[in-house]
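What follows is a short report on a single structure.
The values are calculated or read from the model by the stated rules, or taken from the named source; none is laboratory data. From a predicted model like this one, the values you see are computed outputs, not experimental measurements. Every residue, glycine among them, receives a Cβ derived from its backbone with ideal geometry; neighbour counts consider all protein chains shown. Surface accessibility is based on the protein's heavy atoms, side chains included, excluding ligands, DNA and RNA. Shrake-Rupley method; radii C 1.70, N 1.55, O 1.52, S 1.80 Å.
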Amino acid sequence: PASKRLAFSLQTPSQPYDAWVWTLADGSLERWTHSEIGPVDASRFAAPKLVRYPTFDKVDGKPREIPAWVYKPAGAGRHPVLISIHGGPESQAQPTFSMNVQQWAAELGYAVILPNVRGSTGYGKTYVVLDNGRKREDSVRDIGALLDWIAAQPDLDPKRVVVMGGSYGGYMTLASM
């Protein structure tokens with residue numbers, strides 16, 4: 001109860017976990033550690049943006065929207081795209097720090113997209129069962145809709161797209177071809 005400082009760890013999508021100390025009396029914040037990130041220039045790390053792209057079916061008369069996290073590299077141009085599909089299917093892509101994502105965006109110049117196709121958790125019970133059983137191919141169609149969305153973006157190159165994933169994301173990758 002008499003403590004004057006609070007220690008905590010903090011991670012952002014563009015910063016790995018580090019230890020910080022907050023001094024309660026004056027509100028000052030001090031970073032105590034600097035995580036190792038190798039030769040990658042942290043000043044070039046990309047911050048994700050949440051987008052929602054329309055897919056093939058409708059909800060209440062409007063196109064269903066699929067949430068996705070997009071990390072874009074610095075600079076203008078038609079960036080190649082890397083779509084990384086999470087495992088699961090009942091899992092969720094979240095905007096946490098990933099050295100892989102940052103390296104693909106900051107160092108290799110890819111726009112990285114992490115979609116949460118139907119069946120992903122975190123969007124309610126109705127959403128999580130939208131790919132069950134015979135509806136499984138509907139989540140594959142969500143990736144097709146993502147490819148259409150990419151083609152409509154002026155800074156993304158629809159002719160240079162790679163799709164990857166592990167476990168369920170691997171199935172989705174193969175099914176998307």
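Give me the angle, in degrees from 0 to 90, between the Cα long axis of helix 136-151 and the longest principal axis of the Cα atoms of the chain, rounded to the nearest 10.
Computed tilt is about 80 degrees.
In debye to the nearest 20, how big a dipole does segment 1-155 give about its Cα centre with +1 on each Lys and Arg Cβ and -1 on each Asp and Glu Cβ? Let's see the in-between values first.
Working: 17 positive and 16 negative charges, 77 e Å.
That gives segment 1-155 a dipole magnitude of about 380 debye.
Could you report the chain's accessible area per residue, 1.4 Å probe, as an integer in Å²?
I get 56 Å² per residue for this part.
Give the calculated FRET efficiency between residue 167 and residue 76 to the nearest 0.05, with a Förster radius of 45 Å applied to their Cβ-Cβ distance. Write out the running numbers ahead of the final one.
Values: r = 35 Å, r/R0 = 0.79.
That pair, residue 167 with residue 76, gives E of 0.80.
What's the Kirkwood radius of segment 25-98 in Å, using all Cα pairs?
Numbers: mean 1/r = 0.0609 Å⁻¹.
Computed over segment 25-98, the radius equals 16.4 Å.
State the answer as a single residue: which of 108, 123, 39 lies farthest towards the positive end of the charge dipole of the chain, with beta carbon charges of +1 for Lys and Arg and -1 for Asp and Glu, about the Cα centre.
123
Would you compute, from DSSP H runs of 4+ residues alone, the mean residue ellipticity of the chain at 222 nm, taking -39500 (n - 2.57) per run and dividing by the full residue count, rounded to the nearest 500? Numbers along the way, then the final one.
On the way: 4 runs with 32 residues, N = 177.
Roughly -5000 deg cm²/dmol at 222 nm, from the helical runs in the chain.
With the Cα gyration tensor of segment 1-144 in hand, convert its eigenvalues to equivalent ellipsoid semi-axes via √(5λ) and list them largest first in whole Å. Walk me through the intermediate numbers first.
On the way: eigenvalues 246, 92, 32 Å².
Listed largest to smallest, the semi-axes of segment 1-144 are 35, 21, 13 Å.
When the chain is modelled as a GNM with alpha-carbon springs shorter than 10 Å, which of 114, 24, 50 fluctuates the most?
The residue with the greatest mean-square fluctuation here is 24.
Counting only protein heavy atoms and using a 1.4 Å probe, what share of the accessible area of segment 36-152 belongs to carbon plus sulfur, as a whole percent? Working shown, then result.
Working: 2940 of 5820 Å².
That fraction is 50 percent.
When only the heavy atoms of the protein chains count and the probe is 1.4 Å, how do 26, 41 rank by accessible area, highest first?
Working: 26 110, 41 65 Å².
Greatest to least solvent exposure: 26, 41.
What distance in nm separates the simple spin-label points at residue 20 and residue 35, each placed 7 Å from Cα in the Cβ direction?
Between residue 20 and residue 35, the simple spin-label model gives 1.3 nm.
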